[in-house]
Every structure is written in structure tokens, then in C-alpha cells.
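These notes concern the structure reproduced below.
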Amino acid sequence: MKMIIGGAFQGKAAFAEKKYPEIEWVNGADADWNSIQNAKGVVNFHEFIRAEMKKNEDVSDLAEKLIQCNPGVLLVSDEVGYGVVPMDAFDRAYRETVGRICTKLAAYSDEVTRVVCGIGTVIKHD
């Protein structure tokens, strides 16, 4: 597994598509679980988590399920925990959930790259 993370609108998807042109990307904002578990690469993974939470799906073991069924996937996700803490309870829960899921997935990943202003910096490489 590999992850590319960074703030909103920092060029993560363009960076990923340029670095891995052979991958057919799935957009997490429009994806269902079947497409995520079979994808080679997922952009907007954080939006998949939001959509699942909006449907009241239990995502507490999402990281473990993904590691089990698709351990080689490349995930591109926003870091959502650096801004102002949201007033809305759902948005606070979403922010925390994305952080916890991505932390577990990053720990499992062979490589994690952080993208800022379109420039990727490898922060983990096993």
C-alpha cells in the first residue's frame, strides 16, 4: 500500500497521476465499497469515508478491511485535521474518523508521500 496525502487543492491527484500513469483511478467521492476494494488507485479517499458516514455505515474497521482485501492499493487523501475545528458535530466526527483511518493505513503503508504546492516529499519509505 502507498498513500499520498496533503491539504486540499495542493496538487495530490495531479502528482499521483503523473507519478503513476499506468493506474486507472477510482474517485472516492463516487465509489462504492466494491470499487474501492478492487481499485489499483483511489483519489479523494477522504470523500469515500464521508459518503459512508453520511449513509450511517460503520467505518470503524475500514482500515483493517482495506488492508485485508486490497493491500496494494494507492490512496490519495486530503489531510482534514489541520484547519479550524468544525462547529458541526458530524463534521467533527468526520474529521476525527479520516485522521484515525489514515493513521492506521499510513502505519501499514510501504510509502507515504505528502504533497504541498504540487511538490511531493516522501515521509515514509520502508
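The values are calculated or read from the model by the stated rules, or taken from the named source; none is laboratory data. The structure presented is a predicted model; accordingly, all values stated were derived computationally and were not measured. Here Cβ is always computed from backbone atoms with ideal geometry, including for glycine, and neighbour counts include all displayed protein chains. Side chains included, ligands, DNA and RNA excluded: accessible areas come from the protein's heavy atoms. Shrake-Rupley method; radii C 1.70, N 1.55, O 1.52, S 1.80 Å.
Please work out which residue is farthest from the chain's Cα centre (by Cα), limiting yourself to segment 97-126 and to residues that are hydrophobic (A, V, I, L, M, F, W, C) and assigned to a helix (DSSP H, G or I).
107
Tally the residues that are small (Gly, Ala, Ser) and either over 20 Å from residue 83 (Cβ atoms) or in contact with a helix residue (DSSP H, G or I) (Cβ under 9 Å, 6 or more places away or on another chain) (or both), restricting the search to segment 1-35.
7
Here's the yes/no breakdown for (1) closer than 25 Å to residue 126 by Cα; (2) more than 14 Å from the chain's Cα centre (by Cα); (3) among the charged types (D, E, K, R):
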residue	(1), (2), (3)
4	yes, no, no
13	yes, no, no
30	no, no, yes
37	yes, no, no
40	yes, no, yes
43	yes, no, no
46	yes, no, no
51	no, no, no
57	no, yes, yes
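Residue pairs, Cβ under 8 Å, 6 or more apart or interchain, first in segment 82-102 and of a type in the set (Lys, Arg) and open to solvent by 80 Å² or more (accessible area, probe 1.4 Å), second outside any helix (DSSP H, G or I) and at pLDDT below 95. List them.
Within 8 Å, the pairs are 92/85; 92/86.
Those residues that are touching an Asp or Glu at 6+ places or on another chain (Cβ under 9 Å), in contact (Cβ under 8 Å) with a residue 60 or more places away in the chain and open to solvent by 60 Å² or more (accessible area, probe 1.4 Å), I need them from segment 1-32; list them, please.
Within segment 1-32, just 2 meets the criteria.
I'd like to verify a number: residues in segment 103-118 that are of a type in the set (A, V, I, L, M, F, W, C), open to solvent by 20 Å² or more (accessible area, probe 1.4 Å) and touching a residue at least 60 places away in the same chain (Cβ under 8 Å), how many? Reasoning before the result, please.
The first filter runs over segment 103-118 and keeps only residues of a type in the set (A, V, I, L, M, F, W, C), leaving 105-107, 112, 115-117.
Restricting the remaining residues to those that are open to solvent by 20 Å² or more (accessible area, probe 1.4 Å) gives 106-107, 116-117.
Narrowing further to those that are touching a residue at least 60 places away in the same chain (Cβ under 8 Å): 106, 116-117.
Final tally of qualifying residues: 3.
Under 6 Å between Cβ atoms, which residue pairs at least 6 apart in sequence (or on different chains) link something in segment 36-60 that is closer than 16 Å to residue 80 by Cα with a partner that is open to solvent by 50 Å² or more (accessible area, probe 1.4 Å) and part of a strand (DSSP E or B)?
If the second residue must be open to solvent by 50 Å² or more (accessible area, probe 1.4 Å) and part of a strand (DSSP E or B), the pairs left are 43/25; 43/27; 44/27.
For segment 1-96, list the helices (runs of 4 or more DSSP H) that sit wholly inside it and hold at least 2 residues that are modelled with pLDDT under 95; which are they?
Because the criterion is at least 2 residues that are modelled with pLDDT under 95, no helices (runs of 4 or more DSSP H) in segment 1-96 meet it.
So which pairs qualify, if the first residue must be in segment 69-81 and open to solvent by 40 Å² or more (accessible area, probe 1.4 Å), the second must be charged (D, E, K, R) and in a helix (DSSP H, G or I), the Cβ gap must be under 6 Å, and the two must be at least 6 apart or on different chains?
Going by the 6 Å Cβ cut-off, the qualifying pairs are 80/95; 81/95.
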